[in-house]
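J.: Take this structure, written in structure tokens, and hold onto it; I'll ask about it next.
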Amino acid sequence: MIRIARASIIHTRISMKTFEELGIQPAILQAIDEMGYESPMPVQEAVIPLLLGEETDLIALAQTGTGKTAAFGLPLLQRIDSEKLYPQALIMAPTRELCLQIAGDLADYAKYMPGIHITPVYGGANIEVQIRALRKGSHVVVATPGRLLDLINRQCVSLSKTTTVIMDEADEMLNMGFLDSINEILAFVPENRKMLLFSATMPSGIEQIARTYMNNAKEIVVGSRNEGAENVRHVYYMVKANDKYLALKRIADYCPDIYGIIFCRTRRETQEIADALISDGYNAESLHGDLSQMQRDLVMQKFRVRNIQLLVATDVAARGLDVTDLTHVINYGLPDDIETYTHRSGRTGRAGKSGISVSIVHSREKGKIRAIEKIIGKTFEREHIPTGKQICEKQLYNLVDRIEKVEVNEAEIEPLLPPIFRRLSWLDDQDLIRRFISLEFNRLLEYYRDAPDIDLPEEKPRERKTKGKDDPREKGSCQAEQGFVRVYINQGKATGCTPYNILDLINDNVPGRINIGRIDLFTGYSLIDVEEKFARRVVAALKHADFYGNRIYAEIADPNKKYGGEGKRGKGKSRERDEQAAPVRGKERRNERTQRNEEKPRKERNSRRGEARWEQETRPERRNRRRESDNAASDNTGGFNYEIFNNTKNKARKRRK
């Protein structure tokens, strides 16, 4: 049984140490000092002494952008023996970009360490070039699992003497399905190697790897497990699903200095959003797996130097991007798993700087927001989509701010100013400012002049209506809502009447479009809200109708009269009132009922007598009687009752209309 020792480290540092106090040698100190490293980050302060002083396996959990590469890279380089030219350390990363980033950082750290060779190998590049680099000799191999396994199978790289294996962004490698490749690669590494796992989250797959391949691993947690970045503000905008792109454009327009990544779920969506932004005049590009390595490198180079303001990317392509000072991360669609959101938001707020993680969601995704809040321990703020007026004001103030801060090269522009002054001398200061603003903002003002409000309103909690004695809409009351009149009909639940039947009766017997409101069903009657101007027409039409053989009586309900004993059953008042109000005489009703009963089988006509005979009959007698009844029905109707069939079909056709 493998035991994993866990040492939890809080986010706030108690002691302020330097890299020299952590034990870093002078050659590396000189390199990182030139790179601008002043004091170690929390994860570096916790990991570096442990890796330099102990031979132990390690699991380190820290957010993206907290300095994990330096945490394992600095002690790794310090322990490399430059005289032994073979792979002493293996670093695995999930993506090409992260692989190149780690190799570049290690090369910078080893600037003053002559003889240290670092080789990145990854898919999408010429494998022959990588093979030649490996054959020249390498101390550290930084690889993606797929390309490394290909090189191992070609016998172009040997890991038989590798002493250290590092998995960076281990959780993402598991999400991308590299577990089988990792298992195959680790089979070629000696069992006594030292293994380090660095990750932002701790899914169950990492614990499985720890149990399988690590011995007495120590766990260092900076902050809390799966916690969101400390300096990131999480906000969300709620719009309709088909308004998400419009919301994205308004967010970009409202933040003139935005420099961020827009995350999409699929490659196709990524390309479509990027193309739409470029077509609408935004400085944007796409980054996804369908691009060649050369195209990806070109896009990333333009994004790093800020020639691109918005990068539209998939999760896989954006992992390990070495880009600082991002102001925004925009989730065009929320991911399915919480870990992916944690990695997305970790692209901003790096190295102690602040950032904003924006999510554009629709109403059905509000539950996802609450689930993410519970996992990352942060609260999302609901923001409203900026209006056209707010966007124009923000853009205008940004322009004024840029004008105030612009550097004026007097020597270069001085020869050009006299003719310009003469040309514009007829304009005063205010006219000049108005024309300047109009020239700059006419297009934006025109676009947002009649722009609709796409922000979904706040959902108000539903209030439960309490019924009391003074409630005018109490069930059974004859008072209708404003603009409607309450109509009484003598058909209810006892005759099988439903709201759909009542609507059908009105549609079949009353011409034109009638607005119907509330319908209350009781045992022997119903109360219906009918639009006031059509109420008498409905009453007159229903008086001549019938409901499955029952004559209908209708009247305008009397507000001072309560029908059916306030809706209570079992007192017989409803039936008595119906018989008094209906114009059909009791004798005629009994005759109709008798005629209908004679058309039914004997067992249905007299249920008690049928039940008694059912108990006396034997099973063969019952079977013979049923056959005789079926044969008689078949002889009378030709085996099929076309009249009932046609009536049913006609009613269904009218209902559809």
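The values are calculated or read from the model by the stated rules, or taken from the named source; none is laboratory data. It should be emphasised that the depicted structure is a prediction, and the values quoted were computed from it without experimental measurement. We place every Cβ from the backbone using ideal geometry, glycine too, and count neighbours over all the protein chains shown. Heavy atoms of the whole protein, side chains included, go into the accessibility calculation; ligands, DNA and RNA do not. Shrake-Rupley method; radii C 1.70, N 1.55, O 1.52, S 1.80 Å.
J.: Among the residues of the stretch 280-308, which ones are among the polar types (S, T, N, Q) and open to solvent by less than 60 Å² (accessible area, probe 1.4 Å)?
T.: Within the stretch 280-308, the first condition is being among the polar types (S, T, N, Q), and the residues that meet it are 283, 286, 292-293, 295, 301, 307.
Result: S286, S292, Q293.
J.: Please work out which residue is farthest from D243 (Cα to Cα), limiting yourself to the stretch 394-410 and to residues that are of a type in the set (K, R) and over 29 Å from the mean Cα position of the chain (by Cα).
T.: K405
J.: So in the stretch 114-129, with the set limited to residues that are closer than 21 Å to K84 by Cβ and open to solvent by less than 80 Å² (accessible area, probe 1.4 Å), which one is modelled with the lowest pLDDT? Before the answer, list the steps.
T.: Step one: list which residues in the stretch 114-129 are closer than 21 Å to K84 by Cβ, which gives 114-121.
Applying the additional criterion that residues be open to solvent by less than 80 Å² (accessible area, probe 1.4 Å) yields 115-116, 118-121.
Values: G115: 87, I116: 91, I118: 94, T119: 93, P120: 93, V121: 93.
My answer is G115.
J.: Now for a different question. Name, by its number, the condition in (1) out of contact with any strand residue (DSSP E or B) (no Cβ under 7 Å at 6 or more places or on another chain); (2) open to solvent by less than 10 Å² (accessible area, probe 1.4 Å) that does not hold for L277.
T.: Going through (1) out of contact with any strand residue (DSSP E or B) (no Cβ under 7 Å at 6 or more places or on another chain); (2) open to solvent by less than 10 Å² (accessible area, probe 1.4 Å) one by one, L277 breaks only (1).
J.: Can you give me the ranges of the helices (runs of 4 or more DSSP H) entirely in the stretch 135-246 with at least 1 residues that are open to solvent by 50 Å² or more (accessible area, probe 1.4 Å) and closer than 30 Å to F380 by Cβ?
T.: Per the criteria, 170-175, 204-213.
J.: How many residues are modelled with pLDDT under 85 and among the acidic types (D, E) when one looks only at the stretch 363-379?
T.: Counting residues in the stretch 363-379 that are modelled with pLDDT under 85 and among the acidic types (D, E) gives 1.
J.: Okay, next question. Consider the stretch 268-300. How many of its residues are hydrophobic (A, V, I, L, M, F, W, C), in a helix (DSSP H, G or I), more than 22 Å from T324 (Cβ to Cβ) and more than 25 Å from the chain's Cα centre (by Cα)?
T.: The number of residues fulfilling the criteria is 1.
J.: Scan the stretch 304-327 and tell me whether some residue there is part of a loop (DSSP other than H, G, I, E, B), under 16 Å from the mean Cα position of the chain (by Cα), among the hydroxyl-bearing types (S, T, Y) and at pLDDT 85 or above.
T.: Yes, there is a match, as at least one residue in the stretch 304-327 is part of a loop (DSSP other than H, G, I, E, B), under 16 Å from the mean Cα position of the chain (by Cα), among the hydroxyl-bearing types (S, T, Y) and at pLDDT 85 or above.
J.: Could you list all residues from the stretch 555-569 that are modelled with pLDDT under 50 and open to solvent by 70 Å² or more (accessible area, probe 1.4 Å)?
T.: Of everything in the stretch 555-569, those that are modelled with pLDDT under 50 and open to solvent by 70 Å² or more (accessible area, probe 1.4 Å) turn out to be E566, K568, R569.
J.: State the number of residues belonging to the stretch 70-99 that are part of a helix (DSSP H, G or I), open to solvent by 10 Å² or more (accessible area, probe 1.4 Å) and within 21 Å of L52 (Cα to Cα).
T.: Adding up the residues that qualify gives 2.
J.: Condition check: touching a residue at least 24 places away in the same chain (Cβ under 8 Å), of a type in the set (V, I, T) and in contact with a helix residue (DSSP H, G or I) (Cβ under 7 Å, 6 or more places away or on another chain). Does I80 satisfy that?
T.: So I80 fails the test.
J.: When you scan the stretch 530-544, how many residues do you find that are closer than 15 Å to V487 by Cα and surrounded by fewer than 19 Cβ atoms within 10 Å (Cβ to Cβ)?
T.: Here the count works out to 7.
J.: Please go through the stretch 481-523 and give me each residue that is among the small types (G, A, S) and open to solvent by 50 Å² or more (accessible area, probe 1.4 Å), ordered by number.
T.: A494, G512
J.: Could I ask something else about it? If we scan the stretch 18-30, do we find a residue that is in contact with a Gly (Cβ under 8 Å, 6 or more places away or on another chain) and either over 19 Å from T163 (Cβ atoms) or not charged (D, E, K, R) (or both)? Spell out the reasoning first.
T.: So in the stretch 18-30, the residues in contact with a Gly (Cβ under 8 Å, 6 or more places away or on another chain) come out as 23.
Those left that are additionally either over 19 Å from T163 (Cβ atoms) or not charged (D, E, K, R) (or both): 23.
Yes, some residue in the stretch 18-30 is in contact with a Gly (Cβ under 8 Å, 6 or more places away or on another chain) and either over 19 Å from T163 (Cβ atoms) or not charged (D, E, K, R) (or both).
J.: Turning to a different aspect of this structure: Inside the stretch 328-362, can you point out the residues that are small (G, A, S), out of contact with any helix residue (DSSP H, G or I) (no Cβ under 9 Å at 6 or more places or on another chain) and either farther than 14 Å from F263 by Cα or modelled with pLDDT of 85 or more (or both)? Explain how you work it out, then say what you get.
T.: Initially, the stretch 328-362 is screened for residues small (G, A, S), giving 333, 345-346, 349, 351-352, 354-355, 357, 359.
Now drop any that are not out of contact with any helix residue (DSSP H, G or I) (no Cβ under 9 Å at 6 or more places or on another chain), which leaves 346, 349, 351-352, 354.
Passing the criteria: G349, A351, G352, S354.
J.: Scan the stretch 504-516 for residues that are under 14 Å from A535 (Cα atoms) and under 43 Å from the mean Cα position of the chain (by Cα) and jot them down.
T.: Within the stretch 504-516, R513, I514, N515, I516 qualify.
J.: Let me confirm something: among E45, E38, E55, which residue is open to solvent by 10 Å² or more (accessible area, probe 1.4 Å), at pLDDT below 90 and closer than 17 Å to F198 by Cβ?
T.: None of the others qualify; the one that does is E45.
J.: Follow-up question, since we're still on this one. Can you name every residue in the stretch 392-413 that is surrounded by fewer than 10 Cβ atoms within 10 Å (Cβ to Cβ) and not β-branched (V, I, T)? First the steps, then the outcome.
T.: First, the residues of the stretch 392-413 that are surrounded by fewer than 10 Cβ atoms within 10 Å (Cβ to Cβ): 403-412.
Those that are surrounded by fewer than 10 Cβ atoms within 10 Å (Cβ to Cβ) and not β-branched (V, I, T): E404, K405, E407, N409, E410, A411, E412.
J.: Does any residue of the stretch 428-441 turn out to be among the aromatic types (F, W, Y), touching a strand residue (DSSP E or B) at 6+ places or on another chain (Cβ under 7 Å) and open to solvent by less than 100 Å² (accessible area, probe 1.4 Å)?
T.: Going through the stretch 428-441, the residues among the aromatic types (F, W, Y) turn out to be 436, 441.
Within this subset, residues satisfying the condition of being touching a strand residue (DSSP E or B) at 6+ places or on another chain (Cβ under 7 Å) are none.
No: zero hits.
J.: So how many residues does the stretch 257-267 have that are in contact with an Asp or Glu (Cβ under 9 Å, 6 or more places away or on another chain) and either within 15 Å of I308 (Cα to Cα) or outside any loop (DSSP other than H, G, I, E, B) (or both)?
T.: Summing the residues that are in contact with an Asp or Glu (Cβ under 9 Å, 6 or more places away or on another chain) and either within 15 Å of I308 (Cα to Cα) or outside any loop (DSSP other than H, G, I, E, B) (or both) in the stretch 257-267 gives 3.
J.: Among I413, I391, I375, which is the only one that is more than 30 Å from D453 (Cα to Cα), in a helix (DSSP H, G or I), within 45 Å of the chain's Cα centre (by Cα) and not small (G, A, S)?
T.: Exactly one of I413, I391, I375 is more than 30 Å from D453 (Cα to Cα), in a helix (DSSP H, G or I), within 45 Å of the chain's Cα centre (by Cα) and not small (G, A, S), namely I375.
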